[in-house]
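Accompanying notes for the structure given below.
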Amino acid sequence: MSIPLCYKPPGLLLHSPRTRGPLLCNHSSSFSKQEQTHKNWTGLKFIRGKKLLKDLSTWGIGGPCNYFIQVLDQTQLVSAIRFCHEHSIRFVIIGKGSNCLFDDLGFDGCVILNRIEFLKKEEPGLYRVGSGFRFNRLGVHCSNEGFTGLEFAGGIPGTVGGATYMNAGANGQETADAIHSVDIITMDGRLHRLNRTDLNFGYRSSSFQDMQKLAAITAVKFKLHPSGSAKRRQYEYMERRRISQPVGEQSAGSVFRNPLDVGVAAAELIEKAGLKGFRVGGAMVSKMHANFFINCGGSTSQDMLDLLDLVKEKVDQKFAVQLKEEILHVHPYCNDVKSKQR
């Protein structure tokens, strides 16, 4: 799961993660041909033009990014953001890349890989966790220690930061229900701590998605409660996922949000439209779970975009329901922005 946050230099257009328009772009129309690794004044090591985004995404799709850097702690993240800010380089911060569709052309900016992965138990049931920590690992850990609230997380690919940003949820639980506070960095490099009462959450939405000055989530504190059945419940959720979802395939998890006030899940609508197993190039609607689209071999970003469009059109025609993407399309640059907006 990725945290779709970016610096916005003049001319940059940031489209809402709730639309299929390009997530990031500006007026640049070509990539640097330079391929090198170098250290800048911050002491951080950037990789130029070599890192393939397909290696950073669970879909296995995406070309090279202009800049790439991996950060291991909050200090490195602040330095990387300041470097991008001072050099007018737009950036995207990702974790596991489990809800991102990168373009085959790559990304003409900086991709910051979040590896802030600490886990600290401050008191029984109170955990402070780095935003790059694997969310499924956290869910298993807390359940094994006998605390309830994050059992569902054991089946959620992605990181703590991404789950918080998107308010990930399953099996009647949501990330927001367990949040105590969230640490963030703003664009001016300042650190802030937001309490749960300062934040609003909804279905796959959070206050963070509307924060114009937000640069990154760095840590999240969770407040959980003792439960003798947490471990068993977490195991049951994992088993249910194993037999109902294409766990071993290259996918991005659920691609569409369940429509509100309809009473029918997106997967059921897609299946009833006869689209299970439907394929466009190397992209296919899973035969096991219709809201999972898989890269079944050599899928391009355009294959996946075309499949998304086709499924939306068929469901709309048959049921008059307009599906909305849960995944995020990161566009390489600002060509034909208007024609790509939805």
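Observations, loosely collected:
- Qualifying residues in the range 126-160 (those that are open to solvent by less than 30 Å² (accessible area, probe 1.4 Å), out of contact with any strand residue (DSSP E or B) (no Cβ under 9 Å at 6 or more places or on another chain) and at pLDDT 95 or above) - the one farthest from ILE93 (Cα to Cα): SER143
- Yes/no for VAL315 being closer than 14 Å to ASN258 by Cβ, open to solvent by 10 Å² or more (accessible area, probe 1.4 Å) and over 17 Å from the mean Cα position of the chain (by Cα): no
- Counted residues, the range 115-125 - those being open to solvent by 20 Å² or more (accessible area, probe 1.4 Å) and outside any strand (DSSP E or B): 4
- Residues of the range 271-305 that turn out to be over 25 Å from ASP103 (Cα atoms), assigned to a helix (DSSP H, G or I) and in contact (Cβ under 8 Å) with a residue 24 or more places away in the chain, as a count: 1
- Taking the listed residues GLU268, GLU326, GLU313, the one that is in contact (Cβ under 8 Å) with a residue 12 or more places away in the chain and more than 15 Å from LEU101 (Cα to Cα) is GLU268, with no other qualifying.
- Single residue of the range 161-179 satisfying the filter (touching a helix residue (DSSP H, G or I) at 6+ places or on another chain (Cβ under 7 Å) and in a loop (DSSP other than H, G, I, E, B)) that is surrounded by the fewest Cβ atoms within 10 Å (Cβ to Cβ): ASN171
- Pairing residues of the range 41-62 that are without any contact (Cβ under 8 Å) to a residue 40 or more places away in the chain and assigned to a loop (DSSP other than H, G, I, E, B) with residues that are open to solvent by 20 Å² or more (accessible area, probe 1.4 Å) and aromatic (Phe, Trp, Tyr), at Cβ distances under 9 Å and at least 6 apart in sequence or on separate chains, gives GLY49/PHE31; GLY49/TYR67.
- Restricting the range 197-239 to residues that are in contact with a helix residue (DSSP H, G or I) (Cβ under 8 Å, 6 or more places away or on another chain), in a helix (DSSP H, G or I) and basic (Lys, Arg), the residue that is farthest from LEU126 (Cα to Cα): ARG233
- Looking across the range 240-268, the residues that are assigned to a strand (DSSP E or B) and among the hydrophobic types (A, V, I, L, M, F, W, C) come down to ALA252, PHE256.
- Selection status of PRO259, buried (at least 17 other Cβ atoms within 10 Å of the Cβ) and touching a residue at least 40 places away in the same chain (Cβ under 8 Å): yes
- Within the range 270-288, being open to solvent by less than 40 Å² (accessible area, probe 1.4 Å), of a type outside the set (Val, Ile, Thr) and under 22 Å from ILE156 (Cβ atoms) holds for one residue alone: SER286.
- Matching entry among ILE112, ILE81 (being surrounded by 20 or more Cβ atoms within 10 Å (Cβ to Cβ), part of a helix (DSSP H, G or I) and under 19 Å from the mean Cα position of the chain (by Cα)): ILE81
- VAL220 among the aliphatic types (A, V, I, L, M) and not assigned by the TED database to the domain that holds MET187: no
The values are calculated or read from the model by the stated rules, or taken from the named source; none is laboratory data. This one's a predicted model, so the numbers in the text were calculated from it and none came from an experiment. Backbone-built Cβ (ideal geometry, glycine too); neighbour counts: all protein chains shown. Ligands, DNA and RNA are stripped out before the accessible areas are found, and what is left, the full protein with its side chains, is counted by its heavy atoms. Shrake-Rupley method; radii C 1.70, N 1.55, O 1.52, S 1.80 Å.
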